[in-house]
Amino acid sequence: MTGDRGGSGFTARLRAAWRSATYEPPPRRSGSRAVTVLDRALSRRRILWFCGVAACVSILILAGTHLGPGLRAAHRDGTRGVWIAQDCTQQRGGCVWTGEFALAAADGVPGRVILPSVTYAGGLTGISPGLTVPALDAGSSDEVYPVSGSDRWIHDVIGLAVAGPLLAYLLWRPLRRRLRNRRAGISLAGLR
């Protein structure tokens with residue numbers, strides 16, 4: 001008892017502080033066996049944390065890459081041409097049409113194709129293969145915009161405004177826990 005300085009209560013607190021500092025859930029016992037290291041590494045909390053970080057990073061990348069072209073399209077800035085509908089891909093929300101973007105010749109006939117497989121970011125109804133629509137290439141690699149402008153950039157700004165702070169919170173949370181437990185560990189070490 002004299003070498004332990006507090007018995008099993010102190011070591012239990014020390015173990016709990018270590019688990020909390022390493023962001024591990026307390027071990028669960030199945031019969032008489034302790035949970036393996038793999039089970040601890042793949043805890044529900046860690047999987048949800050990783051999925052949240054991955055989703056935020058994906059949204060930031062996608063919204064960030066489409067924000068510039070979306071703003072250029074809103075200001076009607078870009079290469080004018082025509083979008084020619086080609087293929088319909090059925091999705092839950094309906095049909096998503098892809099086509100090619102070609103420069104418009106002087107007489108309105110499609111000229112040289114510069115983007116082979118792009119979607120049209122404007123609202124169109126009654127699309128059929130071969131439909132030709134005036135369009136604007138604002139620099140996006142996978143979509144062209146209406147020549148009248150587009151407000152798709154608003155979705156990108158919302159994505160950045162939500163995913164950025166959420167990613168900062170998700171990254172700060174485990175760091176804060178480690179810092180807090182490190183301070184608690186120092187105070188526990190002072191009890192010896």
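Numbers for the structure displayed
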| quantity | calculated |
| --- | --- |
| Residue within the stretch 37-58 that is modelled with pLDDT of 75 or more and either touching a strand residue (DSSP E or B) at 6+ places or on another chain (Cβ under 8 Å) or under 24 Å from Ser150 (Cβ atoms) (or both) present | yes |
| Any hit, the stretch 85-95, residues being at pLDDT 85 or above, under 20 Å from Gly149 (Cα atoms) and hydrophobic (A, V, I, L, M, F, W, C) | yes |
| Phe10 being at pLDDT 85 or above and aromatic (Phe, Trp, Tyr) | no |
| Check on Val82, more than 23 Å from His155 (Cβ to Cβ) and at pLDDT 85 or above | yes |
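The values are calculated or read from the model by the stated rules, or taken from the named source; none is laboratory data. Source: prediction; values computed, not measured. Note that we place each Cβ from the backbone using ideal geometry, even for glycine, and neighbour counts take in every protein chain shown.
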